[in-house]
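Before any comments, here is the structure.
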Amino acid sequence: MSRILPVAVICALALTMPAVAGAGGFAQREDVRAFIEEMHERHGFDRARLTRLFGQAQPQPKAIQAILPPKDPSVRSWQAYRARFVEPNRIEGGLRFWQAYRQTLEAARRTYGVPEEIIVAIIGIETIYGRNVGKFPALATLATLAFDYPPRAELFRRELEALLLLARESHRSPIAYSGSYAGALGIPQFLPSSIRNWGVDFDEDGQVDLAASSADAIGSVANFLASHGWDSGSPVVASARAAGERVGELIDAGILPRFTPVEMTVYGVSSAADAPQLPCALIDLVTPGEATEYWLGYRNFYVITRYNRSSFYAMTVYALSQELKAEHEARLAAR
């Protein structure tokens, strides 16, 4: 499961976090000036132009509020999380998206080996098939997180750099981009560095446009997963049961597949006889007040967590994909 910061750490961060930039934007700050100079020296950006851009960028305190982890980690609930995404409206929307882009999804599967239902599920969870791509100004949001959110400042400075490079490569102004409170962009919610690394022009119109082109979004999601090791035809998960004192050792080992199901039996884990004997990890899905749900997460499960490093997220992608696949096949059979 993803790491949750203790309440004491969150409070300490709030006390030590610097004040956000004033109404004049970020351009007058020394740390931003140093960043501008670095961008000039490393990539040849014009200092004056970047200074104007950062002068226009207004702080986004709501982005910091949104990205902070919950004060009470116990509110995390697998059943509640799953119910947000695996629900009738998202399933019906996914089926419509699948029908509208059937040929594109098939082409992505043939090219990258990623099943249609996995691609559709990710896009559905990320933006409800492009309906909710976010309205935060990307440059200002990434600047706020890069310079005023110490816990992940290094990550967001890299993404701020990537946004400026992406805009230059795409012949767009950095001001033109908008997205999520974390700076993610477009239908599949790629960070700028991910667009530069894994975005593809799948509709072959001469540009990668993840905001306006569903075809580019489909191809880019498939390319991302394939590039991170998606193995066509291999399993994603298998159900499991776990009990005993040693179960915690497997949970602490993390989500990188290391043990086969047979090897897990000495730790108190059992699974169906037909569970593939391949390296997997024990995934615990916790709901307060309910029995913990256990699954074996194989390599493809781990690959999904490269998209969002949360077991809740990866398992929800799988659960939604299976609902979509079953209903899609049922409708085809009924024709």
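The values are calculated or read from the model by the stated rules, or taken from the named source; none is laboratory data. Values in this document were obtained by computation on a predicted structure and should not be read as measured data. Cβ sites come from the backbone with ideal geometry, for glycine too, and all protein chains shown count toward neighbours.
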Might you let me know whether segment 43-59 holds any residue that is among the aromatic types (Phe, Trp, Tyr), at pLDDT 95 or above and assigned to a loop (DSSP other than H, G, I, E, B)? yes
Here the residues within segment 63-99 that are over 21 Å from Ala184 (Cβ atoms) and free of Cβ contacts under 8 Å to residues at least 40 places away in the same chain are Ala83, Glu87, Pro88, Asn89, Glu92, Arg96, Gln99
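Conditions tested, residue by residue: (1) assigned by TED's automatic domain parsing to the domain that holds Thr305; (2) within 27 Å of the chain's Cα centre (by Cα); (3) farther than 20 Å from Arg309 by Cβ.
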| position | (1), (2), (3) |
| --- | --- |
| Arg246 | yes, no, yes |
| Gly254 | yes, yes, no |
| Arg258 | yes, yes, no |
| Met264 | yes, no, yes |
| Gly268 | yes, no, yes |
| Ala272 | yes, no, yes |
| Leu278 | yes, yes, yes |
| Ala281 | yes, yes, no |
| Asp284 | yes, yes, no |
So, in segment 80-102, exactly how many residues are out of contact with any Gly (no Cβ under 9 Å at 6 or more places or on another chain) and surrounded by 14 or more Cβ atoms within 10 Å (Cβ to Cβ)? 6
Segment 73-108, subset touching a helix residue (DSSP H, G or I) at 6+ places or on another chain (Cβ under 7 Å) and part of a loop (DSSP other than H, G, I, E, B), residue nearest to Gln322 (Cα to Cα): Val86
Can you name the residue in segment 227-243 that is of a type in the set (Ser, Thr, Tyr) and outside any strand (DSSP E or B) and is also nearest to the chain's Cα centre (by Cα) among such residues? Ser227
In segment 109-128, what residues are farther than 15 Å from Ala184 by Cα and part of a loop (DSSP other than H, G, I, E, B)? Gly113, Val114, Pro115
Identity of the residue in segment 110-155, buried (at least 22 other Cβ atoms within 10 Å of the Cβ) and among the polar types (S, T, N, Q), that ends up farthest from Ser220 (Cα to Cα): Thr144
Filter result (surrounded by fewer than 22 Cβ atoms within 10 Å (Cβ to Cβ), in a loop (DSSP other than H, G, I, E, B) and touching a residue at least 12 places away in the same chain (Cβ under 8 Å)) within segment 179-208: Tyr181, Ala182, Asp201, Asp203, Gln207
Which residues, taken from segment 233-262, are surrounded by 14 or more Cβ atoms within 10 Å (Cβ to Cβ), without any contact (Cβ under 8 Å) to a residue 24 or more places away in the chain and over 22 Å from Ala291 (Cβ atoms)? Arg258, Phe259, Thr260
So Ile125 ticks every box in (1) under 16 Å from Ser310 (Cβ atoms); (2) touching a strand residue (DSSP E or B) at 6+ places or on another chain (Cβ under 9 Å) but one. Which box is left unticked? (2)
For segment 135-183, which residues satisfy the criterion of being of a type in the set (Val, Ile, Thr) and under 18 Å from the mean Cα position of the chain (by Cα)? Thr141
